[in-house]
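Here is the structure we will look at.
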Amino acid sequence: METEILTSNYQPPPPFKDRLAQKVAAIKSKLALAVSGLKSPKSLTIITLVIAAVVVMISFMALQNRSPKTSERAPQAEVQVPKVNSTPTVSTINQNVNQFISKLEDNQGFTQKLSKPIVDLDLSFQKE
Amino acid sequence: MPRNQYPVSCIKYFVSIALVFAAVYLLHTTNNVLLAASPLETAQSDYNFQSSQFRNVKERFANAKAAYISFKTAASKDQAFSTSKEYLTQASTLYIAYYALVKEYGNSLDWSDKSDVHTKLATTMDDASTYFLQVKDAVTRAQTLEDLTKIAADIDKNLKDKFDPQTYYTLANYELASGKQLYRQFLELAQKLGESKQSFANSSTLLNWQTEIDDIKAKSTISINSAQDQLDHMPQTRVNTGEVEQIKKAVDGTKKELLRAKPLFLEAAKLF
């Protein structure tokens, strides 16, 4: 009796092939929607693209400047450097003066900077 | 209206390249910062690390020592032996790190007029480190608590008779070297600033500035020479903290004279 009631409203599921096709179609439509959004980008996307390009350029320039192997640029740099060294700039002089003054005002002696390690070397194991 | 103005692959390409470059740049910068640590900074951080390690060992040693003094059993003696071994090994490592730090401080100073003194002081620090390396070997070979007690007594004697006076003598030399370095810096800056004669309002201002500088130079020369004289007459084998403080006091006198140049230098630097 109970079995009859349960099976009376039962409808067999669609075939597996159909269910798979339905799922694939759903995923396809979702992807198509996302891609169409990217194909006609908003201003935010364009800005991101520009920023990315700028970051690439800055990174590349920074790496170029930091590289020690500047064999072709070295002669050019050598030509320019002595000019700067022969007449110290105002900032260099100010920096040197400030460094000199801060060293003069540092009153910490070497006995404080390099205080000896405190090690108890009494291994007699006697009651103190 | 054309829809494929900005192809998806192009956006992805740019974003990926940007991320890769940003990562490479960050890595490069971080590496530079890490590699920029000077030998002195490395020695300082090593000493700090060894100090913290020693504090941990010291605590375990104190507990084992207390237990052995209270119970006097074979088990507590064995425990005292193993922790004492650990304690002396770590103490030796700490001393080695300390002498390396003292040596690096010396390397960071300007010894242009006393390079032979610098070499001699560096050698004494190396000798001290070598002694503690030998101590570590002796500790490893020790079989009983009595062996370790003897090693500890030997360390104590060597420190008191040899390494401590040598270290204090080294520190006294550092005090003087740093004072001389400042004196040379003063001369160099005074020359550079005095060279720009056109910066001063008129020749009398320059002359008055120069006479003040000359006075500072004369007085600081006397003061630094007096410090050198004190150090030359110091008994190298019996130097203690008091003697280092004496040299520091003499160098402080030089620094006080040189400090008079502060307003003069700042004034000239503004005009430069």
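A few points about this structure:
- Residue match in segment B:128-136 (condition: facing chain A (nearest Cβ under 9 Å), under 30 Å from B:Ala172 (Cβ atoms), out of contact with any Leu (no Cβ under 7 Å at 6 or more places or on another chain) and surrounded by 19 or more Cβ atoms within 10 Å (Cβ to Cβ)): no
- Filter pass, B:Ala227 being away from every other protein chain (no Cβ under 12 Å), under 25 Å from the mean Cα position of the chain (by Cα) and crowded, with 20+ Cβ neighbours inside 10 Å: yes
Results for (1) surrounded by fewer than 11 Cβ atoms within 10 Å (Cβ to Cβ); (2) at pLDDT below 85; (3) part of a loop (DSSP other than H, G, I, E, B); (4) of a type outside the set (Val, Ile, Thr), shown as yes or no for each residue.
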residue: A:Pro14; (1), (2), (3), (4): yes, yes, yes, yes
residue: A:Leu38; (1), (2), (3), (4): no, yes, no, yes
residue: A:Ala52; (1), (2), (3), (4): no, yes, no, yes
residue: A:Gln64; (1), (2), (3), (4): yes, yes, no, yes
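- Those helices (runs of 4 or more DSSP H) of segment B:104-198 in which at least 2 residues are touching a residue at least 24 places away in the same chain (Cβ under 8 Å) and within 21 Å of the chain's Cα centre (by Cα), considering only elements entirely within it, cover B:115-141, B:164-195.
- Complete set of residues in segment B:217-255 that are touching an Asp or Glu at 6+ places or on another chain (Cβ under 7 Å) and over 21 Å from B:Glu188 (Cα atoms): B:Met234, B:Val244, B:Ile247, B:Lys248
- In the set B:Gly179, B:Gly194, only one residue is more than 9 Å from chain A (Cβ to nearest Cβ) and farther than 26 Å from B:His233 by Cα; that residue is B:Gly194.
- Here is the figure for segment B:55-91: residues that are in a helix (DSSP H, G or I) and either of a type in the set (D, E, K, R) or touching a Pro at 6+ places or on another chain (Cβ under 7 Å) (or both) total 9.
- When segment B:96-110 is filtered for residues that are hydroxyl-bearing (Ser, Thr, Tyr) and buried (at least 24 other Cβ atoms within 10 Å of the Cβ), the ones remaining, listed by number, are B:Tyr98, B:Tyr99.
- Close Cβ contacts (under 6 Å, 6 or more residues apart or on different chains) running from residues in segment A:90-116 that are within 8 Å of another protein chain (Cβ to nearest Cβ) to residues that are β-branched (Val, Ile, Thr) comprise A:Thr111/B:Thr241; A:Thr111/B:Val244; A:Leu114/B:Val102.
- B:Gly242 being within 14 Å of chain A (Cβ to nearest Cβ) and surrounded by 12 or more Cβ atoms within 10 Å (Cβ to Cβ): no
- Scanning segment B:40-63 for residues that are touching a helix residue (DSSP H, G or I) at 6+ places or on another chain (Cβ under 8 Å) and at the interface with chain A (Cβ under 10 Å from one of its Cβ atoms) yields B:Gln44, B:Tyr47, B:Gln50, B:Ser51, B:Phe54, B:Lys58, B:Phe61.
- Some residue of segment A:92-103 being modelled with pLDDT of 85 or more, closer than 30 Å to B:Leu266 by Cα and under 32 Å from the mean Cα position of the chain (by Cα): yes
The values are calculated or read from the model by the stated rules, or taken from the named source; none is laboratory data. Only a predicted model underlies this, so the values are computations on that prediction, with no experimental measurement involved. Glycine also receives a Cβ, built like all others from the backbone with ideal geometry; neighbour counts cover every protein chain displayed.
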